[in-house]
Amino acid sequence: MGYIWLTHSSSYLYTTLFLLLCTCLVSSKLVMAKHTGITRRYNFEVKMQNVTRLCQTKSIVTINGQFPGPKIVTREGDRLEITMVNNIKYNVTVHWHGIRQLRSGWADGPAYVTQCPTQTGQKYVYKFRVADQRGTLFWHAHISWLRATLYGPIIILPKHGVPYPFPQPYKEVQLFLYLSSDYCTTHYVDAFKLKVKPGKTYLLRLINAALNDELFFSIANHTLTVVEADAIYTKPFRTNTILITPGQTTNVLLTAQNHHPNASFLMAARPYATGPATFDNTTTAAILVYARDPSQKDTHTKLPLLKPKLPFFNDTSFAAKFNSKLRSLANSNFPANVPKKIDRQFFFTVGLGLLPCPKIQTCQGPNNTMVAAAVNNVSFVQPNIALLQAHFFQTNGVFSTDFPTKPPFKFNYTGTPPNNLMLSRGTKTIVLPFNTSVELVLQDTSIIGAESHPLHLHGFNFFVVGQGVGNFDSKNDPAKFNLVDPIERNTVGVPSGGWVAIRFRADNPGAWFMHCHLEVHTSWGLKMAWIVQDGKEKNQKLPPPPSDLPKC
């Protein structure tokens, strides 16, 4: 297993970009396992650890002293029990990003939504089943900004005997795209080198665990075939570059050239940035090299390094075209069960605004205001008791159920902003009866500045049935929706200065977080929650909380 850590100084939130790459074969014992539906147990100790990457050593929060954290390898239908012991001074929770958590919302992990944090010296056992999912997901801390170092991959293999719906790869490789608060100057000589064999096909599992950057990724002189997004198989398509937002995963096939080339190849990533804030436009990289035939003499000749041509940092056209190519397989083995009859329709604006400055602070906004973020003009206030606990025990005063189903007033969302940029604040939710079919349009706004927002919905996958530039047209745009083979995923980028329409069925009782996966916007309030009520049948009800559920 190898890692690459490439950093540059940055003016955007004092963060820098690096690429973490770990190469690994799936355990042969697991691949050849003759059983399914077993319980797999992991122990996670949250501890401080000195970690050295290239030019700097620092103490960071880790799981089991590892950075990145432990890899979870499981199989569709298995049950996971992950015991987390908190041995640091900070409160901690862990979210299993993209896992449906069917009737296991107590294990979802977002702090003060499905659980109170696990405090110093305490432990909590996350118990859940991996149902009807296979592919690449990841886990990360879900409190404060701790996911900067607390994260790791989740590899879900198909049921035993069920092949991939694409050619079996020779090897599988994980690539993390991430951010660091470290800064140092490095050169390509320091970069991790991924060795491949001519003619072999590799499955690259790409995970964008970055705090605040959407990313373009490409490999010089090589074409990638996209076969999966957010643990959902896709209709394969070839591309030179992929776009991946924070919270998304993408699996691609890379077929090495048939003959040993007289060159090495840069694997590069850099930000896709559309917002008004400054950002780091440098490129981070690993190097793809071809393993030499042992029978050939090593001439010690330095091979030229070929570099890919990445899109411009604000290439919204490429982003739209790439996302439009993502389609579900929609076949008999992997159907796309898109809700056709809609019970509830919602229209949410997402973007920035202003809040009054706290009395004890001095703020940099107009007239001593502070920049905040909101959904439908509501900047979310984190409660002191977990929403799921308050919902289950019917505790009054923790949250309200009056989240607006549309913006408080209409305006030209992607044009000239209104004069009043002030937001409201509250812990507001929307209540959905069990099995409600939902259509939600997410509209970016140009308030302070148009910007792409990767929105993540906990507890559900959803179908991306439409997207467009400008303001959503409720009369004409729905006629263009794809209800046949839309991509199904858990995180979607709301286009900068545009909109995206999603559909899902509320078949999972509990309290479910929805938020921007740019950590800065989440901390500013771009988040809300859905409360899904129990159904009538026993298997449609949320079980009581486990006895070891952390207390506030």
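Side notes on the structure shown:
- Sequence of Glu537, Glu45, Glu76 from largest to smallest accessible area, 1.4 Å probe: Glu537, Glu45, Glu76
- Rh (Kirkwood; distinct C-alpha pairs) - region 39-157, Å: 14.5 Å
- Label reach from Glu81 (point 7 Å along Cα→C-beta): in region 119-150, amide nitrogens under 15 Å belong to 124-130.
- Per residue accessible area in Å² of the chain, where ligands, DNA and RNA are left out and the probe is 1.4 Å: 42 Å²
- Which of Ser446, Ser547 is most accessible, then next, and so on - probe 1.4 Å: Ser547, Ser446
- Neighbourhood net charge (12 Å Cβ-Cβ; Lys/Arg +1, Asp/Glu -1) for Glu537: +2
- Within the chain, helix-based [θ] at 222 nm, where runs of 4 or more DSSP H residues each add -39,500 (n - 2.57), nearest 500: -1000 deg cm²/dmol
- Too-long pairs where the Cα-Cα distance tops 30 Å, listed order kept, from Lys480/Lys536; Lys428/Lys551; Lys58/Lys309: Lys480/Lys536; Lys58/Lys309
- Region 344-532 has equivalent-ellipsoid semi-axes of 26, 23, 13 Å, by the square roots of 5 times the alpha carbon gyration tensor eigenvalues, sorted largest first.
- Accessible carbon and sulfur surface of the chain relative to its total accessible area, %, 1.4 Å: 50 percent
- Among Met370, Met48, the order of accessible area from largest down is Met48, Met370, computed with a 1.4 Å probe on protein heavy atoms.
- Surface accessible to a 1.4 Å probe, Lys193 within the full protein complex, Å²: 90 Å²
- Dipole orientation for the chain: of the candidates Trp139, Leu387, Asn368, Trp139 has the Cα lying most toward the positive pole (charges on Cβ; Lys, Arg +1; Asp, Glu -1).
- Mean Cα-pair separation over length for region 344-532, i.e. relative contact order, pairs under 8 Å, 6 or more apart, %: 28 percent
- Between helix 316-325 and the chain: long-axis angle, C-alpha atoms, 0 to 90°, nearest 10: 80 degrees
- Dipole check for the chain: with +1 at the C-beta of Lys and Arg, -1 at the C-beta of Asp and Glu, and the Cα centre as origin, the magnitude is about 1100 Debye.
- Percent of beta bridges antiparallel (DSSP, region 344-532, rounded to nearest 5): 70 percent
The values are calculated or read from the model by the stated rules, or taken from the named source; none is laboratory data. Just so you know, these numbers come straight off a predicted model, no measurement behind them. Counting neighbours? That spans all protein chains shown, and the Cβs are built from the backbone with ideal geometry, glycine included. What goes into the accessible areas is simple: the full protein's heavy atoms, side chains included, and nothing from ligands, DNA or RNA. Shrake-Rupley method; radii C 1.70, N 1.55, O 1.52, S 1.80 Å.
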